[in-house]
Amino acid sequence: MEENKKFRTIEDKWIKWWEEHSDLYKAWNNDEDRPAYANAPDGQVKKYVLVEFPYPSGSGLHVGHAFSFTGGDVYARFKRMQGYNVMFPMGFDEFGLPTENYAIKVKRKPQEVTRENTDIFKQQMKKLAFSFDWSREVHTSDPDYYKWTQWIFVQLFKKGLAYKQEMPINWCPSCKIGLANEEVLNGKCERCGAEVSRRNISQWVVKITDYADRLTDGLKNTDFIEKVKTAQINWIGRKDGINIDFEVVGTNQKLTVFTTTPVNFGATFLVVAPEHLFVQQIVEGKFGVNQEQIDEIKKYISEARKKGDMERTELNKIKTGVFSGLYAKNHVTGKEIPIWVTDFVLATVGTGAVQGCPGHDQRDWDFAKKFGIPIVRVVGSIDGNDKDINEEPFIVHLGDKGKMVNSDFLNEMDFTEAMRKTMDYFEEKGWGKRVVSYHLRDWIFSRQHYWGEPIPMIYCAKCAKDQKFKIQNSKFKNKEELESKLKNMGWIPVPEDQLPVVLPEVEAYEPTDDGLSPLSRIDSFVNCTCPVCGGSAKRETDTMPNWAGSDWYFLRYMDPHSATKLVDFDLLKKWGPVDIYIGGDEHNTLHLLYSRFIYLFLYDLGVFPKELPEPYYKRVSHGVILGPDNQRMSKSKGNVIVPETVADMYGVDVVRMYLMFMGPFEGTMAWNEKTLMGVKRFLDRFEKLFKEYFGGISQDAELFASDRNTLMIIINKKIELITKDLEEFGYNTAIAKLMELLNDLEKRKIELIRDDMEVLVKMLAPFAPYTAEELWYWLHYDVNKKSDIVIESVHQQSWPVADPAYLADEKVTVAVAINGKLRDQLVVDRDRSNDEKEMVEMAKGSEKIKTWLAGKQVVKEIFVPGRMVNIVVA
């Protein structure tokens, strides 16, 4: 209890002091405000370090927050001490459904709940000693902030990148909301378990697909790791292929399918999404399909509506489908092939229809086997040694080795070359056209709930009539331009000088049975005056998605208080791009994609400098912390670790150092109390080194020269290695080296002077800010009975730089191995360690090695200069 009281007293003391000296972690915008210690080693003075701002839930900071934020904080503190002007800001991503649902449950306003939760988060962050620049704090639910979120949407609309469209959504009748595909599991709502249906709702959609290629190509301007780049590229999913028009037998209808590999001699069926217009026409009786078959199709459509897109497209799911009653004609075989309706095809992907080539695609093969559809081989291996195609498919992709068979004029041709030739042939015949398709879909931007940014649009019926007349009497470049005009007819953006459209604070905001936003019931909000004609109009009542406020928050940190600009051009030029962006794998795809899209759009508007084409330079993906049972943490499993609770038991610095020591920053690690206690013992011993073990501080360096030289070699080598580790986010190995250093100092018992101890405290400071600050105070003020007011913080000091004079070892250790296994070590002069003949002779002369060589034949001798001799024996 006494020990707990001690660390709490230290924490309370320094929290108060840091609060009183709030400029300690402030980034400066003007060079005249630059502090004297700022002298970055590479000449580039700024460093923008960003961690993903949190959604302030009622449960407070979880261990994932603590892990990610500590990682960012260690790096920010390290870079400040190196002399950089570090911007390390924090804010809160406050809008969203979880807060709204919780507020409904406890019968309170989301605004109140959000304020309380945010205050708790901020208090916990300060306790955990995160060195955020709180002068740049942002809140996405603040009207002064979301004014600019709305401004961005208005610009998207003006540039033709936002439009209204009827879209199918997953609908939960219990929660009374639309669900994302990821929130539908086995046809049920992830939140409440109710059966989900599909319904069409008019929604705002943003044309992110217009930027698909830019989003891919722009990755070349980043230093993202390959995992992150791959996640982005795969989600965008550019595919160069061909749209093929199939004639539907007995009708004047054509059905268009998209494929990247037109192995059409092996196409034995077509499959269509249940939502496809073609299927709707069948159900309406347009093609003469009998009623019994239509009833089967209707039943299948109803079942498909209960499933989310992710569930439908799962590769390993059992294939389902229903025959449409219609056939299509295969151009190259002349055969009539059946058209099926199946839910593994999505209407929003490609053309919503796919040709089935079961001999060479696993999903098609599974479908054909289940429904008794013929399977034909049209591609074989180069050597012709192939298994029966009815036993397993011969799966082949562009670029794979293979030759065409059973394919008429394509026979014996290389597979990839044959695909190119087939596309040429189909285009020549007028059967198809080359196109580019993307996995990326346009972004559904509407949400039918209360707690979000109001979409700043107004609908005017009078203006809609006027616009329709103009459209009917105008000429357009193409069909797409005409459709774009028709979609947005009557919709007018709120004038920029009238932003923000403030979310009204109301008592009743529960979801509606009709699926419309709760704002639709507030007449005072809905009814307004058209800014164009002055007539009566209606406000849009949908709100924006969770992503809207988080897509650009990193920009607002650069200029958080401007009332006239989203961000000042010169400040963006000074601070952009974000140098390091730390976040989780779960945000490597959609969040980064949406955020980069908004940035590229604003870049095209001229909001940003031309020399800053991308918002983030480097993305660092932090790892995952599992519970003590090696399982993901969850309340139901009872394995949740609450960082604040652990900090109350052992101290904040123990928690911070343990989180950074438990494994690689990007790894997956299980919570281990034993290792945590080892970190605590290290900090206790570190403090003892200062206050007890050496019994005081020498004010001079009159020590034995040999001891002093040894100490300098030990310390300087650790400075070099720890600095390198911190640059590469190797926090666990950096802490391990601090532990090695402490062990060495305790073992050797070499007397330390103040300069030595200053170096040790500085290297500890990024990891354990409370302990380091207290020891710095003890070192400079307490011991010498000076003023009780600390003039300078340890976190304002310069990071130690290794002296090259102490980095070259006079002696090195050369490992000696037998068949790759370490059996002895030789300690020799550095210059001798590079002499192969001498090192091999010394190794063979070792008494330990002689026993391993006895009776054996030396097959090979492998020498790595300065490091190892490996003797291979038989």
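The values are calculated or read from the model by the stated rules, or taken from the named source; none is laboratory data. As the structure is a computational prediction, the values presented were derived from the model and not from experiment. Ideal geometry is used to build each Cβ from the backbone, glycine not excepted, and the neighbour counts take in all protein chains shown. Just the protein is used for accessible areas: all its heavy atoms, side chains included, with ligands, DNA and RNA removed. Shrake-Rupley method; radii C 1.70, N 1.55, O 1.52, S 1.80 Å.
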> How big is region 516-583 on each of its three principal axes, counting only the C-alpha atoms and giving the largest first in Å?
Replying inline: 48, 29, 17
> Quick one: Cα convex hull volume of region 233-379, Å³ per residue?
Replying inline: 113
> In nm, to one decimal, how far is the modelled label at Q280 from the one at E728, with both set 7 Å along Cα→Cβ?
Replying inline: 5.7
> What ranking, highest mean first, results for peptides 536-546, 639-649 when packing means the other Cβ atoms within 10 Å averaged over each residue?
Replying inline: 536-546, 639-649
> Stretch D210-K475 to full length: gain in nm at 0.36 nm per residue minus the Cα-Cα span?
Replying inline: 93.1 nm
> With respect to the cross-link table entries K127/K747; K811/K850; K158/K565; K176/K254; K307/K370; K6/K79, which display a Cα-Cα separation exceeding 28 Å?
Replying inline: K127/K747; K176/K254; K6/K79
> In Å, the Kirkwood hydrodynamic radius of region 108-182 over pairs of distinct alpha carbons?
Replying inline: 16.5
> Using θ = phi - 60° and the Karplus form 6.51 cos²θ - 1.76 cosθ + 1.60, what ³J(HN,Hα) does each residue of region 749-757 get, whole Hz, x for Gly and Pro?
Replying inline: 6, 7, 5, 9, 10, 4, 4, 5, 5
> To the nearest 10 degrees, how steep is helix 362-371 against the longest Cα principal axis of the chain, on a 0 to 90 scale?
Replying inline: 40
> Using +1 on the beta carbon of Lys and Arg, -1 on that of Asp and Glu, and nothing else charged, what's the dipole of region 75-135 about the Cα centre, debye to 20?
Replying inline: 220
>> Binning at 10 angstrom from zero up to the longest distance, how are the C-alpha pair distances of region 493-537 distributed in percent?
In response: 22, 46, 28, 4
>> Charges on Cβ only, +1 for Lys and Arg, -1 for Asp and Glu, centred on the Cα centroid of the chain; of L659, Y806, G583, which one is farthest towards the dipole's positive end?
In response: G583
> Using modelled backbone amide H atoms (1.01 Å from N, in-plane), which distant-in-sequence or interchain residues come within less than 5 Å of E94's amide H?
Replying inline: T140, S141
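Which of K688/K749; K286/K306; K159/K573 have a Cα-Cα distance over 20 Å?
Values: K688/K749 13 Å; K286/K306 26 Å; K159/K573 25 Å.
Cα-Cα > 20 Å for K286/K306; K159/K573; rest within.
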>> I need the shape label for region 625-674. Rule: rounded when a/c is under 1.5, else prolate if a/b > b/c, else oblate, with a, b, c from the alpha carbon gyration tensor.
In response: oblate
> If each of F569 and R754 carries a label point 7 Å out from its Cα toward its Cβ, how far apart are those two points in nm?
Replying inline: 5.2
>> Along the charge dipole of the chain, pointing to its positive end and built from +1/-1 on Cβ of Lys, Arg, Asp and Glu, which listed residue (F265, C172, F767) has its Cα farthest out?
In response: F265
> What's the angle, to the nearest 10 degrees (0 to 90), between helix 673-688's Cα axis and the longest principal axis of the chain?
Replying inline: 40
> To the nearest 10 degrees, how steep is helix 143-158 against the longest Cα principal axis of the chain, on a 0 to 90 scale?
Replying inline: 40
> What percent does the relative contact order of the chain come to when contacts are Cα pairs within less than 8 Å and at least six residues apart?
Replying inline: 13
> What does the highest-first list of 551-564, 587-600 look like by mean Cβ count within 10 Å?
Replying inline: 587-600, 551-564
> Taking amide hydrogens as modeled 1.01 Å from N in the peptide plane, which residues meet the under 5 Å criterion relative to K46, leaving out close sequence neighbours?
Replying inline: N85
>> If R₀ is 30 angstrom, what is the calculated FRET efficiency for the pair E190 and K46, using the beta carbon separation as r and rounding to 0.05?
In response: 0.10
> Rolling a 1.4 angstrom probe over the protein heavy atoms, how many square angstrom per residue are accessible across region 356-423?
Replying inline: 52
> Near G820, within a Cβ-to-Cβ distance under 15 Å, what is the net charge of the other residues, with Lys and Arg +1 and Asp and Glu -1?
Replying inline: +3
> For the residue pair N743 and A464, what label-to-label distance in nm results when each label sits 7 Å from Cα along the Cα-to-beta-carbon direction?
Replying inline: 7.5
>> Taking the Cα centre as origin and putting +1 on Lys and Arg beta-carbons and -1 on Asp and Glu beta-carbons, what dipole magnitude results for the chain, to the nearest 20 debye?
In response: 1520
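Sort the following peptides by mean Cβ neighbour count (other Cβ atoms within 10 Å, averaged over residues), highest first: 426-435, 610-619. Intermediate results must be reported in sequence, preceding the final value.
Working: 426-435: 14.3, 610-619: 16.9.
Highest-to-lowest ranking by the protection proxy: 610-619, 426-435.
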> Round to a whole number: what % of the accessible area of the chain belongs to carbon and sulfur, probe 1.4 Å?
Replying inline: 49
>> Normalised by the empirical 2.2 N^0.38 Å for globular proteins, what value does the Cα Rg of region 361-406 take?
In response: 1.16
> Under 5 Å between amide H atoms, partner at least 5 residues away or on a different chain: which partners does K188 have, H built in plane at 1.01 Å?
Replying inline: V196
> Kirkwood Rh, the chain, all Cα pairs: how many Å?
Replying inline: 32.3
